[in-house]
Amino acid sequence: MASRFIQNSFQQHDSQVPSKALSEHQPSKSEKNVTKLHHKSHQSNHYNPLAIPCDWQLAEKHAKARRVAQELEVEDQTTCPCCGYSVERMDLQYDCDPIEMKFLGSGFPLFYMFIKYCIFILVEFWLLKGMFCLATDLMGDYCYNQVKLEGTKNSNKSHHFQHLENSKLNLEHHLHKKDNSICGGSMWHFVSLANVYDRQDIRDWQSNLSLVVVLANMVSFLFFRKAQRSIDIEVDESQLTPSDYTICVKNIPKLDEDYREVLKNIFQNYAADGRELKVMKIVLVYNLDEVIELEESLKELVREKQEYLAENGMNFADFKVKQLDEKLESLEHKIHQVEHELFVNRDKFAGIAFISFQTEEMKQMVLQHNSHTTWERMKAFFNQGKTADIKEKGLILNEHKLYVEEAPEPNDVDWEFIHIQTGQKVKARIIAWSISISFMTGCFFLIWFLSELAERMNEQVEEQEKKGIKDSLTQTIAFLTSQSISWTVVFFNKFVIGKVYHLIVDLEKISNKTKFNISFARKQSVALFINTALISLVIDFYLTGNVIGKGGFIYNESNVFLLNAFIPPIVWFVDPWSIQKDYQRQKQQKNAKNCVLTQQEANEIMEMPDYSQAKRYGDIMKTMWFTFFYGDIIPVGILFSIMGLTLYYFVDKYNVLRRRTIKESLSKHLSIEMIEMLELIIIFTGIGNTVVSSIIFGEVKWQDFIIIIIGVVYNLLPMEEISNVLFPLEQKDEVQTYDEAEEYFNTDYDRENPVTRREALEEFAKRK
C-alpha cells in the first residue's frame with residue numbers, strides 16, 4: 001500500500017504454538033514497506049534497522065526465517081531479530097497437498113482448491129458442449145467454400161457459390177461494412193462457429209447444450225462452496241489465533257472518560273442480554289497521520305545519509321555523517337514522543353477498538369446479540385455517527401450505536417488506513433474509479449488504433465492479390481500487425497494492468513489486507529476481461545466490422561485464447577521478478593565494503609519477491625470469464641484454457657513454495673468473493689452467445705435469453721446461505737481460554753498496533 005510503516009526495533013520473540021497449531025506461523029506484515037524505520041535501540045544487543053553498514057549474515061538469517069516453509073519444533077530455536085520468525089524450518093514437498101500450507105492461513109489452501117474447481121468447471125464445459133462444438137465446426141464447410149470462392153472467377157461461379165456470395169453480401173450489409181470478407185480462411189476460422197455459418201440445425205443443437213452446461217455449473221458451484229467451507233473449518237480448527245477471541249467495535253463516540261474502562265464495563269455486563277462476560281484485552285485504534293508524516297521525514301534523512309556515504313566514502317567519523325546521525329536520533333525520539341501522546345491523548349482516538357474475551361463462546365455470543373445492517377450504518381453516516389432511531393436494538397453509547405464485527409487477524413489489519421473516516425474513503429474511491437476508467441479508455445484507443453492499422457494492411461494485401469501482385473514485405477507487415485493486437489492484449493494483461501491497478505487500489509485507503517485484495521482482484525478481473533474480450537468485441541463488431549475476415553475478430557480472439565493460456569504460466573515459470581531480485585542482491589553483495597544499504601533494506605533484498613494472491617485470482621477470473629463468453633464461437637479456446645490453468649496451478653505452487661515470500665494472511669472472505677465473481681460465468685455465457693448470434697446471424701436464441709435470466713436470478717440469490725442449509729458443517733469453538741492461548745500467539749493486536757507495539761513486545765518478552 002502507499003506508505004507502509006517500517007519495523008520496530010523491539011521485535012517479536014520466538015513463540016511456540018500449541019499442539020493444535022503445531023508451530024504454524026502466519027506472515028505478519030503487509031506486502032510492501034511493512035517494517036518501521038524508527039525505534040532504533042542504542043543498545044548493542046538490540047536489532048537496529050537503520051544500521052549502516054548492514055550485516056549480511058543477519059540479512060541471510062532473516063531470509064531463511066521468512067521463506068515459505070513449516071517451522072520446526074526444536075529446543076533452542078534461532079529467531080530473526082527483525083521479524084521474530086524462527087530460522088529452523090522444513091521445506092514442504094513440491095507435490096504436497098495444498099492443505100499442508102495451512103500454516104500460511106486458510107487463504108492458500110482455498111486458493112489452490114479454487115484453481116482445481118475452475119479446471120473442473122472448464123472440463124465440464126468441454127465435455128458437455130466444447131467437444132461437440134469443435135467436432136461440428138470441423139464438419140462444416142462454409143469457410144472451405146469461401147476459400148474456394150475467392151479463387152473462382154466470377155464467370156464460372158456455380159449456383160451454390162452464388163448463394164454463398166449472396167449470404168456474404170447480406171452479412172456485409174448487416175455489419176455496415178461494404179468490403180468485408182466473410183471468412184478469412186485461416187486455421188482458426190475452420191475450428192470456429194464461422195465454419196457452420198450456413199448450418200442452422202447445428203447452431204440450434206449448440207444452443208440447447210448451453211442450457212445443459214449452465215445447469216451443471218450451478219450444481220458444481222454448490223459443491224464448490226461446500227468444499228471451500230470445509231477447508232476453512234479444517235484450517236481454523238488446526239490453528240489458534242487472536243481473532244478466535246476478538247471482536248472489532250466501530251462508531252465509538254468521543255468521551256471524556258477512559259475508553260478502556262467504559263468499553264470493558266459495557267461488554268462485560270450488557271453485550272449478551274445481561275450475561276456476565278470477561279474481557280481480557282482492549283486495543284484502541286488511533287489517528288496516525290502525524291506519525292506517518294514524521295516517518296516520511298525519517299526516510300528522507302536516511303536517504304540523505306546514504307547518498308552522502310556513497311559519494312564521499314564510508315567514513316562514519318565524518319562531521320556531516322555524525323550530524324545526520326544526531327538528526328536521525330532526534331527524529332526517532334520525537335516519533336516515540338508523538339506515539340506516547342497518541343496513547344494518552346483521547347482526541348487522537350479513531351473510534352475503533354479490538355476487544356478480546358476469555359473464550360470464543362463469549363465472543364460468538366456478543367456477535368449474535370449485536371448484529372447490524374448496512375442501512376443502519378448508512379443512516380448513521382449521514383447523521384454524524386448518531387443513531388436516528390433510539391429504539392434500535394444493540395449497544396448505544398451517547399446516541400452512537402456500537403457496530404460489532406468479526407475481527408480480522410492482527411496482521412491483516414492495515415494500521416495506516418484503519419482510522420480513515422468513511423467520507424475520506426468515499427472520495428478516495430471516486431478518484432480511484434476515475435483513474436481506472438481513464439486507463440481503460442486509453443487501452444481501448446490503443447487496440448482500436450492497432451485494429452484499424454491491421455485492417456488497412458489486410459485491405460492493401462487483398463488489393464495487390466486482385467491485381468496479381470505478391471509483395472512478401474507487405475504481407476509480412478500485415479501478418480505482424482494482426483498479431484500485434486493479441487500480443488499487445490496479453491502483454492498489457494501480464495505486465496501493465498496488475499501494476500496500474502495495484503497503485504489505483506492503494507489510493508482507496510482500505511482498512512485491512514483481505515479487503516484490499518478483494519478490491520484489487522475485482523478491479524483487475526474486470527479490467528483484464530474488458531481488455532481481453534470487450535474492447536475487441538466493440539472494435540471488430542461495431543467499428544471495423546471485421547468479424548470473421550482476415551485479421552478480424554475470430555482471428556484475433558483465437559490468438560488471445562492461445563497466448564492467454566500459455567504465456568502467463570511460461571512467464572511465471574521463467575519468473576523475471578526473481579531474476580531481477582537475484583541481480584540486485586548479487587550487485588550489492590559484490591560491493592559489500594561500500595554498500596550503503598540499511599540493515600532493513602538488506603533484509604528485504606535478501607528475501608524472495610513478495611507474492612500477491614489477488615493478482616493470481618485476477619488472472620484466473622479473466623480466463624474463466626473470457627472462456628465462457630467466447631467458448632461457443634471459439635470452442636478450441638476451452639481446451640487452451642484447461643491446459644493453461646493446469647500449467648498455472650503447478651507453476652504457481654512451485655513459485656510459492658520455492659521462490660516467494662508470503663507477507664499476507666488472508667481470510668476466507670477473499671475466496672468467497674471470488675466464488676461470487678466466478679458465478680457470473682452463467683450470465684456471461686448467455687450474453688456472449690446473444691451478442692455473437694445477433695451480430696453475425698441476426699438472431700437471438702431463446703435458450704440464451706433463458707440463460708441470462710437464470711444467471712441473474714442465481715447471482716441475486718444468497719448462495720452462501722443456501723449452501724450452508726443444503727450442506728451444514730459443524731464448526732467447534734476453541735476450548736482453550738484466552739489466558740491459555742495468549743502466550744502461543746505469534747502476534748496480537750497490541751503487538752501489531754504501531755502505538756502500543758513497543759510496550760506490548762517488551763511485556764511479551766518478559767512473559768516468555
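Things worth noting here:
- Every residue from the range 402-453 that is more than 20 Å from V285 (Cβ to Cβ) and of a type in the set (F, W, Y): W433, F439, F444, F445, W448, F449
- Condition check for D582: part of a helix (DSSP H, G or I), touching a residue at least 60 places away in the same chain (Cβ under 8 Å) and among the acidic types (D, E): no
- Entry remark, the range 346-391: residues being of a type in the set (A, V, I, L, M, F, W, C), touching a residue at least 24 places away in the same chain (Cβ under 8 Å) and either in contact with a strand residue (DSSP E or B) (Cβ under 7 Å, 6 or more places away or on another chain) or open to solvent by 80 Å² or more (accessible area, probe 1.4 Å) (or both) number 11 in total.
- Top-ranked residue in the range 253-264 [being over 17 Å from T359 (Cα atoms) and either free of Cβ contacts under 8 Å to residues at least 12 places away in the same chain or not in a loop (DSSP other than H, G, I, E, B) (or both); ranked as farthest from the chain's Cα centre (by Cα)]: E257
- Residue in the range 401-414 that is in a helix (DSSP H, G or I), farther than 19 Å from D748 by Cα, open to solvent by less than 30 Å² (accessible area, probe 1.4 Å) and modelled with pLDDT of 85 or more present: no
- Among (1) over 29 Å from V213 (Cα atoms); (2) open to solvent by less than 30 Å² (accessible area, probe 1.4 Å) - the single one T79 does not satisfy: (2)
- Long-range neighbours under 9 Å by Cβ, at least six apart or interchain, first residue at positive phi within the range 87-110, second open to solvent by 30 Å² or more (accessible area, probe 1.4 Å): G105/E409; G105/S667
- For the range 694-711, a residue qualifies if it is surrounded by 14 or more Cβ atoms within 10 Å (Cβ to Cβ), assigned to a helix (DSSP H, G or I) and touching a residue at least 12 places away in the same chain (Cβ under 8 Å), and the qualifying residues are I695, I696, F697, Q703, D704, I706, I707, I708, I710, G711.
- Test: W572 is in a helix (DSSP H, G or I), open to solvent by 10 Å² or more (accessible area, probe 1.4 Å) and more than 22 Å from D55 (Cα to Cα): no
- Among the residues of the range 237-252, the ones that are within 19 Å of N512 (Cα to Cα), open to solvent by 10 Å² or more (accessible area, probe 1.4 Å) and part of a helix (DSSP H, G or I) come to 1 in all.
- Here the range 712-762 is the region considered, the condition is being open to solvent by 90 Å² or more (accessible area, probe 1.4 Å) and either within 26 Å of R346 (Cα to Cα) or not in a loop (DSSP other than H, G, I, E, B) (or both), and the residue that is modelled with the highest pLDDT is L716.
- The set of residues in the range 525-566 that are without any contact (Cβ under 8 Å) to a residue 60 or more places away in the chain and open to solvent by 10 Å² or more (accessible area, probe 1.4 Å) comprises V526, L534, Y542.
- For I485, the conditions (1) crowded, with 18+ Cβ neighbours inside 10 Å; (2) farther than 24 Å from A194 by Cβ; (3) modelled with pLDDT under 80 all hold with the exception of (2).
- Unmet requirement for T690, which otherwise passes all of (1) over 29 Å from the mean Cα position of the chain (by Cα); (2) surrounded by fewer than 18 Cβ atoms within 10 Å (Cβ to Cβ); (3) free of Cβ contacts under 8 Å to residues at least 60 places away in the same chain: (2)
- Only one entry of E290, E257, E276 meets the criterion of being open to solvent by 30 Å² or more (accessible area, probe 1.4 Å) and closer than 15 Å to R346 by Cβ, and that entry is E257.
- The residue that is modelled with the highest pLDDT, counting only those in the range 506-565 that are of a type in the set (G, A, S) and not in a helix (DSSP H, G or I), is S511.
- Just one of the listed residues (S220, S230, S210) is open to solvent by less than 40 Å² (accessible area, probe 1.4 Å), of a type in the set (S, T, N, Q), within 16 Å of L726 (Cβ to Cβ) and under 35 Å from the mean Cα position of the chain (by Cα), and it is S220.
The values are calculated or read from the model by the stated rules, or taken from the named source; none is laboratory data. Keep in mind it's a predicted model, so treat the numbers as computed, not measured. Ideal geometry is used to build each Cβ from the backbone, glycine not excepted, and the neighbour counts take in all protein chains shown. Ligands, DNA and RNA are stripped out before the accessible areas are found, and what is left, the full protein with its side chains, is counted by its heavy atoms. Shrake-Rupley method; radii C 1.70, N 1.55, O 1.52, S 1.80 Å.
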